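K.L.:
Attaching a single structure in structure tokens format; questions to follow.
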Amino acid sequence: MTTLAHHFPALLAFAKIVSCGSLSAAARELDVPVSVVSKRLSLLETSLGTRLLQRTTRRQVLTEEGALFHARVLRILDEVAQAEAVLQQRREGVEGLLRVTAPGELGRRWIVPVAAAFQERHPRVTLQLDLSDKVVDLIDHGVDMAVRYGALADSSLVARELAPNYRVLCASPAYLERHGEPRVPEDLAAHRCIVIGDQRRTDWRFDGADKAVVRVEASALTNDGGAAHQLALEGAGIALKSIWDVGDDLLAGRLARVLPGHAIAAAPLHAVYPHRRNLAPKVEAFVAFLRERLQDAWRW
């Protein structure tokens with residue numbers, strides 16, 4: 001019985017055809033004749049019993065089945081690339097420029113110390129850290145990996161979970177003494193809220209049985225998570241923050257949890273990187289090191 005394992009060259013050809021936009025471009029990338037690429041695609045479609053691409057003389061379009069299959073093929077090729085990278089890492093030293101992006105406050109407090117320790121272990125690695133709350137396009141900006149919160153929205157990227165995380169509503173004890181404590185999510189509409197982003201009105205979504213959604217209006221608006229954190233400490237209002245940012249302030253009593261009985265959707269920390277690149281040993285090593293250090297630091 002013929003399985004997809006026997007068609008690895010065809011899977012690679014199919015992925016190249018889609019990424020390059022044509023059989024001829026894929027053939028140039030693979031350095032084989034166009035006839036070979038065409039034959040591999042035909043064999044793959046015959047084996048699957050379905051058409052993957054609708055082709056004309058001018059263009060090609062993925063069929064519905066082709067789009068579903070393409071997403072799986074990319075994951076298969078990425079797993080193979082990761083397996084090769086693991087072996088390569090055992091043969092070669094970890095070195096070169098490592099470009100990492102992470103949210104500002106999380107990056108300054110947690111990623112920077114880990115990066116310094118990693119570089120001490122691997123002195124031939126040059127680290128370039130881009131700390132920003134903006135989501136950076138990894139491919140356009142030539143970034144090796146990102147640290148991000150929550151589920152991965154872009155299926156063209158690969159995510160590996162690093163550590164637990166959840167978000168909390170918090171405020172200073174002084175603010176709650178002056179303004180009172182919300183009892184239900186709907187009470188937030190009457191409170192001073194610190195919003196991260198560029199929209200004065202935004203929705204805060206809860207993950208409890210009622211799946212409450214509350215529209216809040218910012219009394220303070222900022223594009224920086226660290227600024228929102230400091231505003232909350234100064235008594236400016238209620239902020240929605242990652243436990244990694246405010247957990248120690250909650251433990252120390254500098255901030256108080258607001259609506260603790262109403263959970264907000266979990267958003268685990270992930271390492272994210274482009275799937276179409278072989279995962280370099282420096283990236284593989286840093287992800288593993290970062291995961292170990294963050295999980296050791298988890299205390300909430």
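K.L.:
Mind listing the long-range amide H neighbours of E95? Cut-off is under 5 Å, sequence gap 5 or more, other chains count too, H placed in the peptide plane at 1.01 Å from N.
P.N.:
Long-range HN contacts for E95: K282.
K.L.:
Further question on the same structure: Could you go through segment 141-150 in sequence order and give the Karplus-derived ³J(HN,Hα) for each residue, using 6.51 cos²θ - 1.76 cosθ + 1.60 with θ = phi - 60°, rounded to whole Hz, and x for Gly and Pro?
P.N.:
After applying 6.51 cos²θ - 1.76 cosθ + 1.60, I find 9, x, 8, 6, 7, 10, 9, 9, 8, x Hz.
K.L.:
Quote the relative contact order of segment 137-228 in percent (integer), defining contacts as alpha-carbon pairs under 8 Å separated by 6+ residues. Intermediate values should be presented prior to the final figure.
P.N.:
Numbers: 79 pairs, mean separation 19.7, N = 92.
Computed value for segment 137-228: 21 percent relative contact order.
K.L.:
Would you mind telling me the share, in percent, of accessible area of segment 116-242 contributed by carbon and sulfur at probe 1.4 angstrom?
P.N.:
Ligands and nucleic acids excluded, carbon and sulfur give 45 percent.
K.L.:
Work out the P(r) tail for segment 191-232: percent of alpha carbon pairs separated by more than 12 Å, whole number.
P.N.:
More than 12 Å apart: 59 percent of the Cα pairs in segment 191-232.
K.L.:
Amide H neighbours of L53 under 5 Å, counting only residues 5+ apart in sequence or on other chains, H built in-plane at 1.01 Å?
P.N.:
Long-range HN contacts for L53: T63.
K.L.:
What does the extension gain come out to for S19 and R254, with contour length at 0.36 nm per residue minus their alpha carbon separation?
P.N.:
Difference between extended and current length: 79.5 nm.
K.L.:
Of all beta bridges DSSP finds with both residues in the chain, what is the antiparallel percent, to the nearest 5? List each step's numbers first, then the result.
P.N.:
Values: 25 of 40 bridges.
Bridges in the chain are about 60 percent antiparallel.
K.L.:
What do you reckon, how do I196, I139, I238 stack up by accessible area (1.4 Å probe), largest on top?
P.N.:
I139, I196, I238
K.L.:
Could you order peptides 145-151, 199-205 by the average number of other Cβ atoms within 10 Å of their residues, highest first? It would help to have the intermediate numbers written out before the result.
P.N.:
Working: 145-151: 19.7, 199-205: 13.4.
Highest mean packing first, the order is 145-151, 199-205.
K.L.:
Cα to Cα, under 27 Å, and not fewer than 8 places away if on the same chain: which lysines meet these conditions relative to K39?
P.N.:
Cross-link targets: K16.
K.L.:
Ok, one more. Give me D for segment 103-151 in µm² s⁻¹, whole number, from Stokes-Einstein with Rh from the Kirkwood sum over alpha-carbon pairs, 10 °C and 1.306 mPa s. Walk me through the intermediate numbers first.
P.N.:
Details: Rh = 11.9 Å.
The diffusion coefficient I find is 134 µm²/s.
K.L.:
Next question. If amide hydrogens are placed 1.01 Å from N in the peptide plane, which non-local residues have theirs closer than 5 Å to the one on G237?
P.N.:
S172
K.L.:
Something else: Based on the Cα gyration tensor of segment 204-300, what are the three equivalent ellipsoid semi-axes, each the root of five times an eigenvalue, rounded to whole Å and given largest first?
P.N.:
Gyration-tensor ellipsoid for segment 204-300: 31, 17, 15 Å.
K.L.:
Based on the Cα coordinates of segment 12-168, what is the per residue volume of their convex hull in Å³?
P.N.:
Details: hull volume 26.6 nm³, N = 157.
In segment 12-168, the Cα convex hull volume per residue is 170 Å³.
K.L.:
On to the next question. Mind ordering 37-44, 254-261 by average Cβ neighbours within 10 Å, highest first?
P.N.:
The packing order, highest mean first, is 37-44, 254-261.
K.L.:
Scan (i) 28, 44, 25, 3; (ii) 30, 60, 10, 0; (iii) 28, 55, 17, 0 for the value of P(r) over Cα pairs in 20 Å bins from 0, in percent calculated from this model and give just the label.
P.N.:
Correct label is (i).
K.L.:
Follow-up question, since we're still on this one. Counting only heavy atoms of protein chains, what accessible area per residue, in Å², does segment 1-80 have with a probe of 1.4 Å?
P.N.:
It amounts to 63 Å² per residue over segment 1-80.
K.L.:
Next up: For K241, give me every one of the lysines with a C-alpha distance below 18 angstrom, ignoring sequence neighbours fewer than eight places off in its own chain.
P.N.:
Reachable lysines: K134.
The values are calculated or read from the model by the stated rules, or taken from the named source; none is laboratory data. Remember, it's a predicted structure, so these values are computed and weren't measured experimentally. Positions of Cβ are backbone-derived with ideal geometry, glycine not excepted, and every protein chain shown enters the neighbour counts. For the accessible areas, the whole protein counts, side chains as well, though only heavy atoms, and no ligand, DNA or RNA atoms are used. Shrake-Rupley method; radii C 1.70, N 1.55, O 1.52, S 1.80 Å.
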